[in-house]
Amino acid sequence: MIETNDLSKQFNNNFWAVQGVTLNVQPGQILALLGQNGAGKTTTVRMLTALLAPTRGSARVAGFDVTKNPKEIRMNVGVLTEQHGLYLRMSGDEYLDYFGKIYGLDAQARAVRSKYLLDYFGLGEAARRRSGEYSKGMKQKLALARSLMHNPSVLLLDEPTSAMDPESSRLVRDEIARLRSSQRTIIICTHNLAEAEALADHIAIIYRGKILLNGALDELKQRVLGPVEYEARFADAFDTSGLSLPAGAEVASRSETSLKFRIEAPQVVNPGLVRALASMNAPLISFHEVPRKLEQVYLKTMAEAQGLAYAA
Amino acid sequence: MRRNWDAIWMVARREFIDQFRDWRIVAPMVLLMALFPFVADDTTQDSIQFMGRFGGELILERLVPFVILVIGFFPLSFTLVVALESFVGEKERGTIEPILSSPLDDHQIYLGKLLVGITTPLVFSFFSITIYLILITRRDVAFPSPYLLALVLLLTFAHAVLMVSSAIVISVQATTVRAANLLASFVVVPVAFLLQGETALIFWGNESVLWYAIVGVTLLSALIVRLGVSHFRREYLLGREIDTFNLKQMGRVFIGRFVGNAESIRDWYAFELPETLKQLKKPLALVTLLGVAAIVASYLWVVVNVPAFLDISPEITDRIKTLVNENLTDFEDLSTQMPVPVLFYHNARAVVIMLLLGIVSFGTLGVTLFLVNMGLVGGVLGGASLLGVSPWLLFAAGILPHGIFELSAVFLSVSATLKAGALLVTPQQDKSLGELLLVALADWFRVFIGVALPLLAVAAVVEVFVTPQLLKMVVPYF
Ligand SMILES: Nc1ncnc2c1ncn2[C@@H]1O[C@H](COP(=O)(O)OP(=O)(O)O)[C@@H](O)[C@H]1O
Ligand SMILES: [Mg+2]
């Protein structure tokens, strides 16, 4: 569990890197913290691991207060730091063993756990090589394995897949999804919006240290982009000017071969709408909900924050 | 407790192994450390022969402990990089954050680094020393006694602890590895001076005097470790600033502290300076106590011990007295020989040196120098008493008139030095070590400029114009 209240950090140079961040992530949930470079993601994560003392506000992680019980927090949190931070002269298995020891695992547990993680991330063969020889993606996977060594109940992942190839990021996504189903509390900082959309059930957008938007993904789409739209596609150009719209449906936009509708209550309105189109003998090839990406939510929110117009 | 040690050992072990994996560092190091004893052995042999040709008697037996000390010191200064980069290197490479995010305690991380920082140089030091010891068995010279050998090895150990503990403080505070390496000379040079002092002890003193050096150096290291642990903050090691040496900011902190809230000089003397002086009560009491003790101890030592060395027959005392009397007539031209500004400059410089020594040693070396000076005063008085001159009379006429001003200035400055040292080793939540140093210096300069310098100026005038007259008046009564 992670709960923050008005969490804020001002650096020595009087610069507020994080301001008034209030979040709540429950076990079994994944929160994606989205934001530009320098928005304050890493600073937030560091406060949650008690590395930086909050200037204002409070945070509880895994049931402990960051200012009062830093050691307990570090014991229960797994962090993938922004830089992998590997000791490059150590081999993969030595490295995991070392961190296993730091977290107080006994020899047997360390051996089992490190073998499992190395194999899972496809590092089994490279385990005895120095990590300095690894590729960037392999290094990042080893760092992720490190953060999972002690089976933490809270995971903070700062840009976990930024250097990985598609296969590897897929592996990492699957592992994260698996961890969610075993009731871990997870925060992922990223600017990979597709990944955030695939994994996260909650989204927080941070801009210049402040949270602009925070909530469940579907709810945010509704809130930012408005009601869901439906689209009818036609085989050829088709004149829809004679269409009699059922109550509760309005045309959002139209082109020669398609028509988009804004509909408040699709369960009630859609059957009538499809019947109306059919009765016009429209060459209908599909009728579907217009997919809406997190990207749109993000870009629109950011554009508004910067006072710019958002072109959909 | 056990777990604590395990954790410290774990941190140290990893790093120790890590270092020895890089043969590009290890190989030249081993070579250097192995060659140096040969060079040292040859050089000593040559210098003994050289001295012998001119009738000098340099005895190898006397030289051996000194050479061991130097051979031990040499690898220390080379491998100091290990300690210097221990924190800042990991910070630069980004490997520190996973460690800082782990449940290791601050002191476990710190002491682990300290341990490896000490072990690495010592491995090389003792390696070099061992080779040298093997070499001298071939020479026609008695092997140093186990006792002396143990002392010298202990001293080398103490040097390692001293240098490494300072280097680690630098490593935590430095923003880049480069900056840390530039600061290395602040560690190496003072210890090199210390080594010279210890050499003097070996040559002229009883070997057991080395115990003082060992205990002194160890205490100093303990203070430094304490300073380091109490100023260790995980936050610093995540800082972003690179080599920023912000003179303007530093100047603001210093001047802000020095001036305080004063609007005018009068204001400053009336409110700000007394505030600082008030805080000197305890250190002043301590310094006075120590100073008086040093005078008395040295006086007694001279009175008790010197007659055993010197044969002070009445003729000799008379001869010395005559000599002194003749020379005292020169007092007239004292003001030309030693003009007031020069005397003033000398005294002020001595006080600043005490500060500088004090700053690098949390006040202790500054106080030591002070005690040596007080000891000299006691010694002179003791000598006078042996010659049959009343030490009270000499004190009242020859020292007190200007001493009232001079000693007050010195006592106050030394107290301020001690206070500055104490401030540095006390944990402070809100100030970085750099800021703290500036604050300590500002406080010291308040005392120095506000009180000590004016007093020293008065003292110089009195010493040149008044003291000689008084002495001349009382000399007939000697
Ligand atoms: N130790 C520090 N001292 C001063 N400023 C910092 C420090 N760490 C981060 N910052 C600043 O705080 C802001 C947020 O940084 P960060 O949390 O790393 O952003 P993100 O992870 O979202 O890219 C940036 O403007 C950065 O320059
Ligand atoms: Mg970041």
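Within region A:156-180, the set of residues being outside any strand (DSSP E or B) and within 16 Å of ligand 1 (Cβ to nearest atom) comprises A:Glu159, A:Pro160, A:Thr161, A:Ser162, A:Ala163. Tell me whether region B:149-164 contains one or more residues that are in contact with a strand residue (DSSP E or B) (Cβ under 8 Å, 6 or more places away or on another chain) and within 26 Å of B:Arg3 (Cα to Cα). No: zero hits.
State whether one or more residues within region A:146-169 are in contact with a Leu (Cβ under 6 Å, 6 or more places away or on another chain), small (Gly, Ala, Ser) and under 20 Å from A:Leu88 (Cα atoms). Yes, because at least one residue in region A:146-169 is in contact with a Leu (Cβ under 6 Å, 6 or more places away or on another chain), small (Gly, Ala, Ser) and under 20 Å from A:Leu88 (Cα atoms).
Quick check on this structure: which one of A:Tyr116, A:Tyr95 is of a type in the set (Ser, Thr, Tyr), away from ligand 2 (no atom under 16 Å from the Cβ), surrounded by fewer than 21 Cβ atoms within 10 Å (Cβ to Cβ) and assigned by TED's automatic domain parsing to the domain that holds A:Ser169?
Details: A:Tyr95 fails: surrounded by fewer than 21 Cβ atoms within 10 Å (Cβ to Cβ).
None of the others qualify; the one that does is A:Tyr116.
Here's the yes/no breakdown for (1) within 30 Å of B:Val303 (Cβ to Cβ); (2) modelled with pLDDT of 85 or more:
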{"position": "B:Asp330", "(1), (2)": "yes, no"}
{"position": "B:Phe344", "(1), (2)": "no, yes"}
{"position": "B:Gly366", "(1), (2)": "yes, no"}
{"position": "B:Val377", "(1), (2)": "yes, yes"}
{"position": "B:Pro391", "(1), (2)": "yes, no"}
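Sub-8 Å Cβ pairs linking a first residue in region B:185-209 that is in contact (Cβ under 8 Å) with a residue 40 or more places away in the chain to a second residue that is among the charged types (D, E, K, R) and part of a helix (DSSP H, G or I), at least 6 apart or interchain, are B:Ile202/B:Arg62; B:Phe203/B:Arg62, ordered by first then second residue. Among residues of region A:184-209 being within 15 Å of ligand 2 (Cβ to nearest atom) and of a type in the set (S, T, N, Q), the one that is farthest from A:His150 (Cα to Cα) is A:Asn192. Taking the criterion of being within 21 Å of B:Asp6 (Cβ to Cβ) and more than 8 Å from chain B (Cβ to nearest Cβ), the residues of region A:73-103 that qualify are A:Asn76, A:Asp93, A:Glu94, A:Tyr95, A:Leu96, A:Asp97, A:Gly100.
Could we say that A:Val112 is closer than 19 Å to A:Leu142 by Cα and within 11 Å of chain B (Cβ to nearest Cβ) here?
Spelling it out, it is not the case that A:Val112 is closer than 19 Å to A:Leu142 by Cα and within 11 Å of chain B (Cβ to nearest Cβ).
Let me confirm something: among A:Leu308, A:Leu259, A:Leu294, A:Leu299, which residue is among the hydrophobic types (A, V, I, L, M, F, W, C) and in contact with a helix residue (DSSP H, G or I) (Cβ under 7 Å, 6 or more places away or on another chain)?
Checking each option against the conditions leaves just A:Leu294.
Taken over region A:20-51, the residue count meeting the criterion of being over 22 Å from B:Arg234 (Cβ atoms), within 12 Å of ligand 1 (Cβ to nearest atom) and in contact with a strand residue (DSSP E or B) (Cβ under 9 Å, 6 or more places away or on another chain) is 4. Of all residues in region B:29-52, those satisfying the criterion of being touching a helix residue (DSSP H, G or I) at 6+ places or on another chain (Cβ under 9 Å), closer than 18 Å to B:Asp140 by Cα and among the aliphatic types (A, V, I, L, M) are B:Ala40, B:Ile48.
Just to be sure, is A:Leu52 of a type outside the set (Gly, Ala, Ser) and either touching a helix residue (DSSP H, G or I) at 6+ places or on another chain (Cβ under 6 Å) or not assigned by TED's automatic domain parsing to the domain that holds A:His202 (or both)? Yes; evaluated as a whole, the condition is true for this residue.
Filtered by the rule that a residue be buried (at least 16 other Cβ atoms within 10 Å of the Cβ), of a type in the set (D, E, K, R) and at pLDDT below 90, region A:222-254 gives a lone residue, A:Glu229. If A:Ala32 meets every condition in (1) in a loop (DSSP other than H, G, I, E, B); (2) more than 8 Å from chain B (Cβ to nearest Cβ) apart from one, which number is that one? Only one criterion in (1) in a loop (DSSP other than H, G, I, E, B); (2) more than 8 Å from chain B (Cβ to nearest Cβ) is unmet by A:Ala32, namely (1). Taken together, the residues in region A:181-198 that are touching a helix residue (DSSP H, G or I) at 6+ places or on another chain (Cβ under 8 Å), at pLDDT 90 or above and away from ligand 1 (no atom under 16 Å from the Cβ) amount to 2. Looking across region B:190-234, just one residue is within 16 Å of ligand 1 (Cβ to nearest atom) and at pLDDT below 85, and that is B:Arg233.
In region A:197-218 there is at least one residue matching the filter, namely being over 19 Å from A:Val21 (Cα atoms) and either hydrophobic (A, V, I, L, M, F, W, C) or in a loop (DSSP other than H, G, I, E, B) (or both). If I filter region B:181-188 for residues that are among the aliphatic types (A, V, I, L, M), part of a helix (DSSP H, G or I), at pLDDT below 90 and farther than 19 Å from B:Val82 by Cα, do I get at least one hit? No, every residue in region B:181-188 fails to be among the aliphatic types (A, V, I, L, M), part of a helix (DSSP H, G or I), at pLDDT below 90 and farther than 19 Å from B:Val82 by Cα.
Results for (1) at pLDDT below 95; (2) within 16 Å of ligand 2 (Cβ to nearest atom); (3) crowded, with 23+ Cβ neighbours inside 10 Å; (4) more than 15 Å from A:Ile206 (Cβ to Cβ), shown as yes or no for each residue.
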site	(1), (2), (3), (4)
A:Met1	yes, no, no, yes
A:Gln36	yes, yes, no, no
A:Thr44	no, yes, yes, no
A:Ala53	yes, no, no, yes
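When you look at A:Val66, is it of a type in the set (A, V, I, L, M, F, W, C), more than 9 Å from chain B (Cβ to nearest Cβ), within 25 Å of A:His202 (Cα to Cα) and within 18 Å of the chain's Cα centre (by Cα), yes or no? Taking the combined requirement at face value, the residue does not satisfy it.
Exactly one residue among A:Leu31, A:Leu23, A:Leu88 is of a type in the set (A, V, I, L, M, F, W, C) and surrounded by fewer than 20 Cβ atoms within 10 Å (Cβ to Cβ), and that residue is A:Leu88. Looking only at residues that are touching an Asp or Glu at 6+ places or on another chain (Cβ under 8 Å) and part of a helix (DSSP H, G or I) in region A:116-128, which one is nearest to the other protein chains (Cβ to nearest Cβ)? Per the criteria, the residue is A:Leu118. For A:Gly40, the requirement of being within 13 Å of ligand 2 (Cβ to nearest atom) and of a type outside the set (D, E, K, R) is met.
So that you can scan it fast, the table gives a plain yes or no per residue for (1) closer than 24 Å to A:Gln222 by Cβ; (2) of a type in the set (Asp, Glu):
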{"site": "A:Leu243", "(1), (2)": "no, no"}
{"site": "A:Glu250", "(1), (2)": "yes, yes"}
{"site": "A:Ala265", "(1), (2)": "yes, no"}
{"site": "A:Pro271", "(1), (2)": "yes, no"}
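Taking region B:98-128 as the search range and keeping residues that are in a helix (DSSP H, G or I) and touching a Leu at 6+ places or on another chain (Cβ under 7 Å), which one is nearest to B:Leu162 (Cα to Cα)? Per the criteria, the residue is B:Pro121. Criterion first (over 28 Å from B:Asp106 (Cβ atoms), in contact with a strand residue (DSSP E or B) (Cβ under 6 Å, 6 or more places away or on another chain), more than 9 Å from every other protein chain (Cβ to nearest Cβ) and polar (S, T, N, Q)) does A:Ser58 satisfy it? So A:Ser58 fails the test. Taken over region B:92-121, the criterion of being surrounded by fewer than 22 Cβ atoms within 10 Å (Cβ to Cβ) and farther than 30 Å from A:Leu155 by Cα is satisfied by B:Leu115, B:Thr119.
The values are calculated or read from the model by the stated rules, or taken from the named source; none is laboratory data. Not measured: the values here are computed from a predicted model. No Cβ is skipped: glycine too gets one built from the backbone with ideal geometry, and neighbour counts run over all protein chains shown.
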